[in-house]
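*Asks:* One structure coming up, written as structure tokens, with questions to follow.
Read-outs throughout are calculated quantities, based only on the coordinates presented, and are distinct from any laboratory measurement. Keep in mind the model is a prediction, meaning the values are calculated, not measured. Glycine also receives a Cβ, built like all others from the backbone with ideal geometry; neighbour counts cover every protein chain displayed.
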Amino acid sequence: MVAAVPYVALAMTAASAVGQYQAGKAQAASMEGQANAVDAQSSVTKLAGRQNALQHKRQAVASLDNVLRAMASNNARAGAGHIDADSGSISSINNEILSIGVRDVSTASANETITRGMAGYQATLQNDQAARLRAGAPVARRTGVFNAMAVMGQGMMSGAQVGAFGSSTSATGNVLGKPA
Amino acid sequence: MAARDLLKPQSSLGSVAPISLPGVSMPTGPDPLLAATANMANSLSQRIGQMSQTMFKVAGTQAEAKGAAAGVQNAPSIEEIKWAKKHGQSVTLPGDAGSINIQEQAAYASSLKLTEARYGSLAREAALGEVTKAFMSDGEIKPDLLQKRLNDVLESYTGSLASVSQAGAAKLDIDLRNQFNNQLVAYSREWHSKDTKQRRAKAVARAHNILPEVAGYVVGDSKTRQDVGIAEHATSMLEREVLNMTVEGVPTSTIEAYKTTFQKRLDNALITSVTQWSQGSEAGGPLEAFSKLSKGTAPEGVMDAFESLPASKQNTLKTDIWAAHTREQSIEEDRQKVIDDAHDAVVEMHTTNFYSALLTGDHGTMRTIIDTLTVVDPDTAGRLIPLLSKSGDAGTDDAGIVRDISLRIAEGQTDPTQRTYIKYDIISAMKDGTLTTGTGKHLMQNLSASRSHVFKAAQAELKSKTRYNTAMNRINPGPEDDAALRLYERVMAKLHLASADPEADLMVVVETEIENEQGRIHAAMVEEARETLASIPLFNSVEIVEQTTEGLKNGTIKPFGSVKILDYQRALRAVKTINKWGTAK
């Protein structure tokens with residue numbers, strides 16, 4: 001039993017090495033799966049960006065709608081009062097309302113552009129992360145292999161220390177030159 | 001309504017709002033299954049690794065124990081180490097210190113440890129032998145020699161071990177060096193303690209060995225005491241011994257006690273010398289000696305000796321000499337008292353007889369008594385003479401004349417001329433009627449009988465010329481005293497013989513016999529001195545004694561011990577006698 005201890009320890013070392021290999025392999029698979037998920041998330045991000053951009057576009061249209069409403073109201077009030085809507089103060093007011101509307105449309109348009117750009121940028125980052133995860137997978141796999149080899153190496157070393165590969169005291173004490 | 005219509009186309013543009021997407025969020029973290037698989041595999045691997053490490057550890061312990069046992073079993077034996085050291089060889093150890101194998105390492109380590117211990121044991125054994133030898137040597141092995149031997153032991157064993165293990169040799173060197181140093185310090189302390197005690201004891205013994213010789217430092221002529229003095233080296237000897245004891249660390253109290261003893265002995269010798277001088281003829285008696293010492297007129301050597309004494313002892317010595325004088329005086333007073341008592345008794349007896357004769361009218365007896373009392377006690381005789389006249393005696397005596405003539409006879413007027421004058425005075429007084437015939441006849445008879453006074457005068461002259469009294473009273477008489485006493489006895493015998501002849505002149509007899517007998521006595525004493533000298537083995541000739549005396553004076557001869565000094569003094573006395581009265585042969 002005493003003599004078998006080194007060999008049992010060696011066998012367990014081999015099992016530990018296999019575990020390390022498997023752990024690396026699973027880590028690699030996990031990282032590839034993560035990469036795919038991040039890619040998918042990137043597509044969603046792009047889609048969400050487009051949807052947000054449409055919201056800003058809709059705000060521009062609503063703004064123009066309000067301008068038209070306001071100008072129409074003014075024109076109607078001017079007509080009811082027999083006032084020329086195309087001149088004078090009415091015209092000035094309408095022009096002012098129109099300029100506000102134009103400014104809102106411009107702002108909404110800029111917001112649409114920014115939102116679309118940010119979504120695209122986010123998607124690009126996610127794509128990059130996915131690429132990194134994919135690149136890391138083989139590294140994790142190799143790490144598992146190396147860990148397994150290290151464990152085995154360590155086990156071999158320990159085995160050698162305890163004489164698992166054969167050992168006996170190499171020499172006996174004597175006195176050089178002493179007649180036998 | 002119209003406005004609403006007009007606005008219709010614009011209003012239709014905002015009627016369709018973009019779809020509001022639900023919050024779609026993709027799971028971007030690690031796949032749970034795969035993560036669990038990886039964790040499980042990793043954890044399992046670590047667990048199994050720990051188990052294997054534990055088992056390796058157990059196996060390592062087993063290998064270490066096995067290697068240690070093998071190392072101990074196969075380590076060089078003490079005999080092998082002794083042989084290797086003796087032949088300058090190196091020993092090899094089992095195992096391999098450079099091996100990865102624990103068993104090999106343990107074998108080497110245990111054998112090295114055992115070998116180091118064996119080297120240490122052998123070195124300690126050898127050192128113990130050296131230390132034991134040193135202790136048994138009774139101080140012959142000095143600490144520096146023991147140190148050298150211990151160093152040899154140390155270097156030989158550490159040097160031999162160094163061929164196996166430099167580190168072990170260095171460690172052994174430190175261990176043994178500390179231990180040997182402690183042993184060396186202990187031995188050194190004991191050695192120095194013993195050495196110091198021995199040196200102190202030797203110094204004290206040496207100093208005490210010269211104490212019996214101290215009396216010999218006081219040199220001088222035992223007879224005359226004229227050159228009594230202290231040999232110069234007495235003080236230097238004391239200083240030398242004190243210095244020696246001081247250097248050797250003898251306690252101050254011991255040195256002081258020694259100095260006291262030395263000084264006491266020296267003082268005693270000086271006192272003895274001065275005392276002997278004071279009792280000698282040269283001093284002229286204790287009173288004269290006292291006076292000379294007080295005035296500083298004693299001989300130079302005696303004064304040197306006397307002045308070498310402390311003031312208190314000088315006083316004591318003078319007191320003793322004075323006491324000797326007082327004793328002499330006391331003896332004389334006692335003697336005088338006896339004489340006086342006898343005189344009083346004689347006077348009383350004659351007075352009683354006179355009164356008895358007065359009652360019976362015996363004038364002859366009364367005159368005889370008066371004659372006797374005139375010699376013994378003239379005053380009483382003077383008082384009784386008138387009673388004789390009143391008692392009916394024929395004629396009348398002049399008491400003053402009777403008294404005067406009786407005194408002149410009693411005082412020893414023995415000179416022939418004086419005797420003639422006395423006779424003339426008696427006859428004249430009888431013719432003048434101041435003396436009765438009977439009284440005159442009695443006075444004439446007394447004058448004739450006064451020859452006893454002549455004898456006494458001759459005896460006194462003899463005593464004076466021979467210095468009889470001085471010789472008799474000397475406590476420690478010398479040869480001259482002996483000679484004086486012998487001379488007195490011889491001449492006294494001749495004087496007795498001569499006194500039988502009424503016509504003999506006793507004074508002439510004294511002078512003649514002194515001259516005749518002195519030479520004979522001196523010759524006899526010289527002969528005796530020669531015999532004495534011949535009987536003293538170390539000083540049996542005049543030359544030897546004189547050379548010795550000269551050597552003692554100039555310091556070329558060391559003073560003698562107490563026994564030898566007595567022989568020397570006897571011999572010196574004999575030589576003085578020979579040189580004084582004989583011929584040195």
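*Asks:* Jot down the radius of gyration and Dmax of region B:336-382, Cα atoms only, both in angstrom.
*Replies:* That works out to 10.9, 36 Å for Rg and Dmax.
*Asks:* Could you order peptides B:310-318, B:127-135, B:328-336 by the average number of other Cβ atoms within 10 Å of their residues, highest first?
*Replies:* On the way: B:310-318: 14.1, B:127-135: 16.9, B:328-336: 11.7.
Per-residue Cβ counts within 10 Å, averaged per peptide and sorted highest first, yield B:127-135, B:310-318, B:328-336.
*Asks:* Over all residues in A:154-166, what is the mean tally of Cβ atoms on other chains that come within 10 Å of each residue's Cβ?
*Replies:* On the way: counts 4, 4, 0, 2, 9, 3, 4, 12, 14, 10, 3, 1, 1.
So the per-residue partner count for this stretch is 5.
*Asks:* Would you mind putting B:101-111, B:246-256 in packing order, based on average other-beta-carbon counts within 10 Å, highest first?
*Replies:* Values: B:101-111: 25.5, B:246-256: 13.1.
Going from most to least packed, we get B:101-111, B:246-256.
*Asks:* Given the DSSP H assignment, sum -39500 (n - 2.57) over each helix run of at least 4 residues in chain B and divide by its residue total; what's the result at 222 nm in deg cm²/dmol, nearest 500?
*Replies:* Result for chain B: -26500 deg cm²/dmol, rounded to the nearest 500.
*Asks:* Report the far tail of the P(r) of chain A, meaning the percent of Cα-Cα pairs longer than 31 Å.
*Replies:* Tail fraction, whole percent: 62.
*Asks:* Using the charge dipole of chain B (Lys, Arg: +1 at Cβ; Asp, Glu: -1 at Cβ; taken about the Cα centre), state which of B:Tyr468, B:Ala35, B:Ser90 has its Cα farthest towards the positive end.
*Replies:* Final value for the positive-end residue is B:Ala35.
*Asks:* Over the whole of A:13-22, what's the average partner chain Cβ count within 10 Å per residue? Rounded to a whole number, please.
*Replies:* Taking all residues of A:13-22 together, the mean is 6.
*Asks:* If you take all C-alpha pairs in chain B, what percent of them are over 31 Å apart?
*Replies:* 76
*Asks:* So the label point goes 7 Å from the Cα of A:Thr107 along Cα→C-beta, right? Which residues of region A:64-97 then have their backbone N under 13 Å from it?
*Replies:* Output list for this probe position: A:64.
*Asks:* Modelling each spin label as a point 7 Å along the Cα-to-Cβ direction, I'd like the B:Ile557/B:Thr396 distance in nm, to one decimal.
*Replies:* The modelled label-to-label distance comes out at 8.4 nm.
*Asks:* Just to be sure I follow: if Rg is taken over the C-alpha atoms of region B:210-309 and Rh is the Kirkwood radius over the same atoms, what is Rg/Rh?
*Replies:* On the way: Rg = 15.5 Å, Rh = 14.3 Å.
On the Cα set of region B:210-309, Rg over Rh gives 1.08.
*Asks:* For chain A, modelled as a Gaussian network with Cα springs under 10 Å, which listed residue fluctuates most, A:Arg134, A:Arg58, A:Arg69?
*Replies:* The residue that fluctuates most here is A:Arg69.
*Asks:* Using the Kirkwood formula on the Cα atoms of region B:509-551, what hydrodynamic radius do you get, in angstrom to one decimal?
*Replies:* About 12.2 Å, per the Kirkwood formula over Cα pairs.
*Asks:* How far apart, in nm, are two points set 7 Å out from the Cα along the Cα-to-Cβ line at A:Arg50 and at A:Leu98?
*Replies:* Inter-label distance under the simple model: 3.5 nm.
*Asks:* What per residue convex hull volume, in Å³, comes out for region B:454-585 when only alpha-carbon positions are used?
*Replies:* 112
*Asks:* Efficiency by 1/(1 + (r/R0)^6): what FRET value for B:Glu489 and B:Ile544, r their Cβ-Cβ distance, R0 = 41 Å, to the nearest 0.05?
*Replies:* Efficiency for this residue pair is about 0.75.
*Asks:* Using Stokes-Einstein with the Kirkwood hydrodynamic radius over Cα pairs, what translational diffusion coefficient do you get for the protein assembly as shown at 25 °C and a viscosity of 0.890 mPa s, in µm²/s rounded to a whole number? Before the final figure, lay out each step's value.
*Replies:* On the way: Rh = 45.0 Å.
Answer from the Stokes-Einstein relation: 55 µm²/s.
*Asks:* Oh, and also: Figure the gain on full extension for B:Gln445 and B:Asn182 (residue separation times 0.36 nm, minus the Cα-Cα span) and round it to one decimal in nm.
*Replies:* Here the segment from B:Gln445 to B:Asn182 would lengthen by 83.3 nm.
*Asks:* If you don't mind, another one. Taking chain A as a Gaussian network, Cα atoms linked when under 10 Å apart, which of A:Ser106, A:Ser63, A:Ser92 shows the biggest mean-square fluctuation?
*Replies:* A:Ser92
*Asks:* Work out how much length B:Asp404 to B:Glu300 would gain on full extension: take 0.36 nm times their residue separation and subtract the Cα-Cα distance, in nm to one decimal.
*Replies:* 32.2 nm
*Asks:* To the nearest 20 debye, what is the magnitude of the charge dipole of the protein assembly as shown about its Cα centre, counting +1 on the Cβ of each Lys and Arg and -1 on the Cβ of each Asp and Glu?
*Replies:* Values: 79 positive and 82 negative charges, 1301 e Å.
Computed about the Cα centre, the dipole is about 6240 debye.
*Asks:* Give me the inter-chain shielding for A:57-65: mean count of other chain Cβ atoms within 10 Å, whole number please.
*Replies:* 4
*Asks:* Now for a separate question. Taking H placed 1.01 Å from N in the peptide plane, check which residues at least 5 places from B:Val218 or on another chain put their amide H under 5 Å from its amide H.
*Replies:* B:Ala231
*Asks:* Given a Förster distance of 35 Å, report the FRET efficiency between B:Glu79 and B:Leu145 from their Cβ-Cβ distance, rounded to the nearest 0.05. Provide the component values of the computation, followed by the final result.
*Replies:* Working: r = 30 Å, r/R0 = 0.85.
It comes to 0.75.
*Asks:* Let me ask something else. Where does the charge balance sit around B:Asn178 when Lys and Arg score +1, Asp and Glu -1, over other residues with C-beta under 15 Å from its C-beta? Provide the component values of the computation, followed by the final result.
*Replies:* Working: positive: B:Arg124, B:Lys171, B:Arg177; negative: B:Asp173, B:Asp175.
Residues close to B:Asn178 contribute a combined charge of +1.
*Asks:* Which whole-number percent is the relative contact order of chain B (Cα, under 8 Å, 6+ apart)?
*Replies:* That works out to 9 percent.
*Asks:* Would you mind telling me which residue in A:Asn127, A:Asn111, A:Asn94 has the biggest mean-square fluctuation in a Gaussian network model of chain A, where springs connect alpha carbons within a distance under 10 angstrom?
*Replies:* Among A:Asn127, A:Asn111, A:Asn94, the largest GNM mean-square fluctuation belongs to A:Asn94.
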